[in-house]
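So the structure is just underneath, and the comments pick up after that.
The values are calculated or read from the model by the stated rules, or taken from the named source; none is laboratory data. Treat the numbers as computed from the prediction; the structure is a model and nothing was measured. Backbone-built Cβ (ideal geometry, glycine too); neighbour counts: all protein chains shown.
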Amino acid sequence: MTPRTFAMGLIAGLSLATASLAQDMTTVRAAVLKIGTVNWELATITENGLDEKHGFALEVQPFADNGATRVAVEGDEADVAVADWIWVARQRAAGKDYVFIPYSRAVGGVVVPEDSEAQTLQDLAGGKIGIAGGPLDKSWLILRAYASQEYGMDLKAETEQVFGAPPLIFKSGLSGETQGAINFWHFLAKMKASGMRELISVETAGTALGLNPDTPLLGYFMKESFIAANPGIAQAFYDASQDAKAMLRDDDAAWEAIRPRMNASNDAQFEQLKADFIAGMPVRGPVDLEGADKFLQLMTELGGEDLVGQATSLPDGLFADLK
C-alpha cells in the first residue's frame with residue numbers, strides 16, 4: 001500500500017466515522033419564541049458547537065408566540081421549549097410528563113421615572129402601575145405580598161393597575177403615563193437604560209418574604225418520555241446551557257456575536273441587557289426543593305387554582321436530576 005493510498009483510506013475512514021457519529025447523535029428540537037431572549041443562549045450553543053461537544057445536535061425552531069412553542073412540544077413537533085416552573089408543575093400535576101431544566105432566575109422588579117419622588121412601594125399609593133403579564137403575573141403577586149408584609153399595604157387596592165403587553169408597558173412607563181411599571185426583565189433593562197430607576201427588585205422582595213433568590217423561575221422543559229428514550233439528554237442539554245452561560249459571563253466576544261439578535265437600540269441598552277442577563281444566571285446544581293415548595297405555596301395562596309391548577313405541592317419528578 002502506497003503512502004498516498006494509506007492516507008486516502010484514513011481520510012475515508014475518518015469521514016465514515018464522523019458520519020456515523022452524526023447519525024448516532026440525538027437531535028433536540030427547540031421550540032422558541034422568534035424574538036425571545038433564550039435565542040441568545042441557544043445561538044451561543046450552536047455557533048460554538050457546544051451541543052456536539054455534549055453529544056447532541058440542537059435544532060432551533062422559531063414560533064410567533066409562547067403558546068405555539070408549548071403546543072409544539074405537546075404534539076411532539078419539538079422536544080424542548082421554555083416556561084416558568086410553576087406552569088410546568090401545573091402541567092405535570094394535570095398528568096403531562098413534563099420535566100423542568102433550569103435556565104434563568106431573572107425576574108425583574110418595579111421601575112419608576114428617574115425624577116419620581118417614590119422611594120418605596122408605599123409611595124405609589126394612589127397612582128397607576130403598569131403590569132405586563134396580567135393579574136396573575138408572578139412578579140406582581142410577590143410584590144403584593146411584600147407590600148402587605150412590610151407596610152401592611154394592599155398594593156392592589158391602593159393603586160390602579162394597567163395591564164398590557166410588554167411593549168405597551170414599556171412605552172407608558174417611559175412617557176410617565178404610569179407612576180410605576182412591572183415588565184419582563186429585558187424590557188425593564190431597556191427602561192433602566194432609558195433613565196428609569198428600579199424602585200425594588202422582585203429578588204429583594206422575595207428574599208424579604210423568606211424565598212430562596214437562587215431558585216430559577218424560568219427553564220427548559222422536556223417530556224419525561226423523551227428523556228427516557230435518550231438517556232443522559234437532560235444532563236447533556238443542561239451542560240451545554242451551562243457552557244454557554246460561562247462564555248457569556250466571561251467573554252465579551254461572545255456577546256458581540258449575538259448582539260444583532262438582541263434588538264438593542266444603543267450601547268446603553270446593550271450593556272444593561274448584558275448585565276441583567278448575567279445577573280439572572282442561576283447557580284449550577286439541583287434546584288432547592290424546599291425553597292421551590294415555599295415559592296409554590298405562596299403562589300397557591302396568592303393566585304389560587306387559576307395560577308397553579310392542581311399543583312398545590314411539588315409534583316414528584318418535576319425537576320430534572322442534574323449535577
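Could you please let me know if residue 203 is of a type in the set (D, E, K, R), farther than 18 Å from residue 42 by Cβ and assigned by TED's automatic domain parsing to the domain that holds residue 151?
Yes.
Being surrounded by fewer than 20 Cβ atoms within 10 Å (Cβ to Cβ) and touching a strand residue (DSSP E or B) at 6+ places or on another chain (Cβ under 7 Å) is the filter here; which residues of the stretch 202-225 pass it?
223, 224
From the list 83, 43, 57, 64, which residue is under 23 Å from residue 286 (Cα atoms) and surrounded by fewer than 23 Cβ atoms within 10 Å (Cβ to Cβ)?
83
Would you check if residue 50 is at negative phi and free of Cβ contacts under 8 Å to residues at least 60 places away in the same chain?
Criteria not met by residue 50.
Could you please tell me which pairs satisfy a Cβ distance under 6 Å, a separation of 6+ or placement on different chains, a first residue in the stretch 157-175 that is touching a residue at least 24 places away in the same chain (Cβ under 8 Å), and a second residue that is among the β-branched types (Val, Ile, Thr)?
The qualifying pairs are 159/129; 161/129; 161/131; 162/178; 163/131; 172/178.
Identify, by number, the condition in (1) outside any strand (DSSP E or B); (2) closer than 24 Å to residue 279 by Cα that residue 181 doesn't meet.
Among (1) outside any strand (DSSP E or B); (2) closer than 24 Å to residue 279 by Cα, the lone unmet condition for residue 181 is (1).
Filtering the stretch 220-252 down to residues that are among the aliphatic types (A, V, I, L, M) and under 16 Å from the mean Cα position of the chain (by Cα), which residue is farthest from residue 98 (Cα to Cα)?
248
Name the residue, out of 283, 308, that is β-branched (Val, Ile, Thr), out of contact with any Gly (no Cβ under 9 Å at 6 or more places or on another chain) and more than 30 Å from residue 254 (Cβ to Cβ).
Step by step, each of 283, 308 is checked, and only 308 is β-branched (Val, Ile, Thr), out of contact with any Gly (no Cβ under 9 Å at 6 or more places or on another chain) and more than 30 Å from residue 254 (Cβ to Cβ).
Tally the residues that are closer than 20 Å to residue 113 by Cα and either in contact (Cβ under 8 Å) with a residue 60 or more places away in the chain or assigned to a helix (DSSP H, G or I) (or both), restricting the search to the stretch 128-146.
3
Do we find that residue 95 is over 17 Å from the mean Cα position of the chain (by Cα), among the small types (Gly, Ala, Ser) and part of a strand (DSSP E or B) in this structure?
No; evaluated as a whole, the condition is false for this residue.
Based on this model, can you work out whether residue 71 counts as assigned to a strand (DSSP E or B) and out of contact with any Gly (no Cβ under 6 Å at 6 or more places or on another chain)?
It is false that residue 71 is assigned to a strand (DSSP E or B) and out of contact with any Gly (no Cβ under 6 Å at 6 or more places or on another chain).
Please count how many residues of the stretch 282-298 are at negative phi and surrounded by fewer than 20 Cβ atoms within 10 Å (Cβ to Cβ).
11
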